[in-house]
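Worksheet for the structure shown next.
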Amino acid sequence: MREAERRAATVARQLTQFPARVREAREEAGLTQRELCEAVGAKSYQGDGGTVAHWEAGRAYPSLPRLALLAEVLGVTSDWLLYGEGA
């Protein structure tokens, strides 16, 4: 396997933890899914967790601008959310 393929595989493995990191940081911040939706300007549907619920389930991922805002609201770095580094 070439170096680039190894690095891509490592990043892919790290990204599988994104949903759990979002949930962990949200809970640590004391926010509900709906409150986090409102804080980052994401959609919540009929009172449920909406977009944040999708992020936490691994069904969707935020855009880069929204990722930066998400990290800021949660008090973590985007690197930590994505890769588990640099909390």
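The values are calculated or read from the model by the stated rules, or taken from the named source; none is laboratory data. Nothing here was measured: the structure is a model prediction, and the numbers come from that model. Here the Cβ is made from the backbone with ideal geometry for all residues, glycine too, and neighbour counts use every protein chain on show.
Points to keep in mind about this one:
- Only residues that are over 11 Å from residue 80 (Cα atoms), over 10 Å from the mean Cα position of the chain (by Cα) and in a helix (DSSP H, G or I) were counted in segment 13-35, giving 6.
- With respect to the conditions (1) at pLDDT below 95; (2) aliphatic (A, V, I, L, M); (3) touching a helix residue (DSSP H, G or I) at 6+ places or on another chain (Cβ under 6 Å), residue 22 falls short on a single one, namely (1).
- Candidates in segment 16-40 are the residues that are among the β-branched types (Val, Ile, Thr) and under 12 Å from residue 70 (Cα atoms); of these, the one that is surrounded by the most Cβ atoms within 10 Å (Cβ to Cβ) is 22.
- Scanning segment 65-78 for residues that are among the aliphatic types (A, V, I, L, M) and either part of a loop (DSSP other than H, G, I, E, B) or modelled with pLDDT under 95 (or both) gives a single hit, 76.
- Consider segment 41-57 and keep the residues that are surrounded by 11 or more Cβ atoms within 10 Å (Cβ to Cβ) and without any contact (Cβ under 8 Å) to a residue 24 or more places away in the chain. The one that is nearest to residue 68 (Cα to Cα) is 51.
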